[in-house]
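First the structure, in the form of structure tokens, and then the observations on it.
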Amino acid sequence: MKIAVCVKQVPDTAAQVVVENGQVSWGDAPLVINPWDEYAVEAALQKASDLGGSVTVISMGAENETEALKHALAMGCNEAALISDPALEDADNAAAAHALAAAIKKAEAELVFFGKQAVDTDTGMLPGQTARVLGWPAVTLVAAIQELNPDMIKVERATEEGRQVVESKLPAVVSIVKDYGEPRYPSFMGIRKAARAEIPVWSTADLGVEAPAAVVKWAALSSPPKKDIETEMIEGADAGEIAEVLADKIMAEKVL
Amino acid sequence: MTNKIWVYIDHFKGAALPASWEAVGAGLTLANDLGGGVTALVFGEGVADLGQQAFHYGADEVMLADDPTLLDYRSEPYAGLLAKLAGDSAPDVILFPTTSRGRELAGMAAVDLKSGVLVDVTALEVEGGAILATRPIYAGKLFAKVGCSAKPELITLRGRAFAKPEPDETRSGTLTEVEAVLSEDEIAVKVLDYVQADGGVSLTDAAVIVSGGRGVSNNPNLEPPGDLDEDGQEIWRAQEGFKLVGELAKVLGAAVGASRAAVDAGYIPYANQVGQTGKVVGPDVYIACGISGAIQHLAGMRTSKMIVAINKDPDAPIFKLARFGVVGDLHEIVPALTAALGEKLGK
């Protein structure tokens, strides 16, 4: 079975992110694979190994944005492709979903993994939207895969209310959450292979797709308002006294 | 349907999520600026009562789809139905609560409707007839103002960011029944089983959260069972520590949260993780026990109205965000605080 996994390159979560000249700036923080996508890569590699298949990792971004792809290759993905085109520079989620759907078709994948969402824009739209463009079912927020064969997948989904067990026909798009299990570290051999890999760049023309014009427009960025917090440290002779004073202070704020 | 503002009522087994009614409230505010009333969308099986509740919360029209294929939320029949209704009646705005279902449904319907989604919005304003939405990005490290140039604009609203209207049981309105668009054999996904979570308060709806970090495992006065290895002993200690956190949460009717460090160390399930790669929360009160305050954690809880921090390290970054801080051992302070607050709250 051919499996695809879609990943995004994002600033490290430890980055101090600020607005500079109207743009997002993360200083010299490293660019990494979106942490949630690592779980998706792990799931893709495990399932390809179980079923005897191959994994193509796909990303979208500027021509030099290959860090996430290289990380996924180093983890063990067989092939990588970068969707890059000036026409996609201002792409919104729906436009990105059209481009990714075309790339998934080009990779001839029948099962596609995504992370739950990206830690930069935090929308979580792409698994569902890409599935919708493909006309495939979306099986999102998957915590465990119970069964997978060329015709169907049976999973446990982590929802607000608990675990839901669902099965779906294939082809399908699956998004993976952290409960799936720790992603593997790239091996030394994998890192060497990834460093040498020539990653093909697919333009919209290569994909035969015309992504719809973006309708979601970004008007302005701002830093969160600075909260004027005066921290009051509570002291006392022992835990009982401290707790008593703290409890009184909390009650006095009338927030409970 | 004559109203231009629609609200999708997300529910689980017929019980609406609070954020659904908050979305009705936000819809009423928009209707003040844009004209008309609010139409609530209720999909499910045996959910007519939700339609009545939507009237009580202020909707004046309800579209009700009551069908066995809609018993559990599934994206295909729900998105297909929503896109069909919106295609027929051309609303200007559809609001959703930012639940896992609301997020997915908005996204998939947007593809059918050739429109866009403004996701996890915390504030809405109307400028010259156009809606401008504020949404946190990078887990709240920044805010973006976004708009959508196509119609209908699909907007998901973050829980607890908009006020829930007071229900009025005397209100009613026009209920229209609509048909499902897919038959069961056209739907690729089947729901087989459900394992309900253990009944704790949900983090994203919680007014009060008590969270534990790595520090919960550091109680020197505990003697772990002798048959455990080193990792097992650490986890045993941590779980004893989380019992203290849980007892405080119980007295306050609070949800239990955790730092990523505590989750990654195996102390508590991922569902409890607060932060950039966990849940982003904004309760009235957030009590951080043994959490130093990594930037990823702070991003996930910094909008809490009041933060209380208990930590052994006086230099822990969490204190910078805290209204009240205690430098001390959480294993002594937390049980004492549970007792003191329990007494004052009459519990």
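The values are calculated or read from the model by the stated rules, or taken from the named source; none is laboratory data. The shown structure was predicted, so the numbers you read here are calculated from the model rather than taken from an experiment. Glycine also receives a Cβ, built like all others from the backbone with ideal geometry; neighbour counts cover every protein chain displayed.
Only one of these is within 10 Å of another protein chain (Cβ to nearest Cβ) and either part of a strand (DSSP E or B) or among the acidic types (Asp, Glu) (or both): B:ILE333, B:ILE287. Name it. Break it down into steps so the answer makes sense when it comes.
Values: B:ILE333 fails: either part of a strand (DSSP E or B) or among the acidic types (Asp, Glu) (or both).
Exactly one of B:ILE333, B:ILE287 is within 10 Å of another protein chain (Cβ to nearest Cβ) and either part of a strand (DSSP E or B) or among the acidic types (Asp, Glu) (or both), namely B:ILE287.
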Practice problem: Identify, by number, the condition in (1) farther than 28 Å from A:VAL139 by Cα; (2) of a type in the set (Val, Ile, Thr); (3) under 23 Å from the mean Cα position of the chain (by Cα) that B:VAL126 doesn't meet. | Solution: (3)
Exercise. Exactly one condition in (1) modelled with pLDDT under 95; (2) within 21 Å of the chain's Cα centre (by Cα); (3) more than 10 Å from every other protein chain (Cβ to nearest Cβ) is not met by A:THR159; state its number.
Key: (3)
Quiz prompt | Count of residues meeting criterion [of a type in the set (S, T, N, Q) and either in contact with a His (Cβ under 8 Å, 6 or more places away or on another chain) or part of a strand (DSSP E or B) (or both)] in the stretch B:133-154 | solution = 1
Practice problem: Return the residue satisfying two criteria in turn: it lies in the stretch A:1-20 and is over 22 Å from B:ALA294 (Cα atoms) and within 14 Å of chain B (Cβ to nearest Cβ), and of such residues it is surrounded by the most Cβ atoms within 10 Å (Cβ to Cβ). | Solution: A:LYS8
Quiz item: Taking the stretch B:201-224, which residues are assigned to a loop (DSSP other than H, G, I, E, B) and either over 27 Å from B:ASP284 (Cα atoms) or within 11 Å of another protein chain (Cβ to nearest Cβ) (or both)?
Solution: B:SER202, B:ALA207, B:ASN218, B:ASN219, B:PRO220, B:ASN221, B:LEU222, B:GLU223, B:PRO224
Quiz prompt | Wholly enclosed helices (runs of 4 or more DSSP H) of the stretch A:188-253 bearing at least 2 residues of a type in the set (Gly, Ala, Ser) and touching a Leu at 6+ places or on another chain (Cβ under 6 Å) | solution = A:239-252
Quiz prompt | Enumeration of residues in the stretch A:145-195 that are closer than 17 Å to A:GLN117 by Cα and free of Cβ contacts under 8 Å to residues at least 60 places away in the same chain | solution = A:ARG157, A:ALA158, A:THR159, A:GLU160, A:ASP179
Self-check item: Scan of the stretch A:19-51 for residues that are out of contact with any Phe, Trp or Tyr (no Cβ under 8 Å at 6 or more places or on another chain), over 25 Å from A:PHE113 (Cα atoms) and among the aliphatic types (A, V, I, L, M), ordered by number
Solution: A:VAL19, A:ALA29
Self-check item: Long-range neighbours under 6 Å by Cβ, at least six apart or interchain, first residue more than 7 Å from chain B (Cβ to nearest Cβ) within the stretch A:241-256, second outside any helix (DSSP H, G or I) and surrounded by fewer than 17 Cβ atoms within 10 Å (Cβ to Cβ)
Solution: A:VAL245/A:GLY236
Self-check item: Residue pairs meeting the criteria (Cβ under 6 Å; at least 6 apart or on separate chains; first assigned to a loop (DSSP other than H, G, I, E, B), in the stretch B:1-13; second surrounded by fewer than 20 Cβ atoms within 10 Å (Cβ to Cβ) and among the small types (Gly, Ala, Ser))
Solution: B:MET1/B:SER89; B:ASN3/B:GLY36; B:ASN3/B:GLY37; B:LYS4/B:GLY36
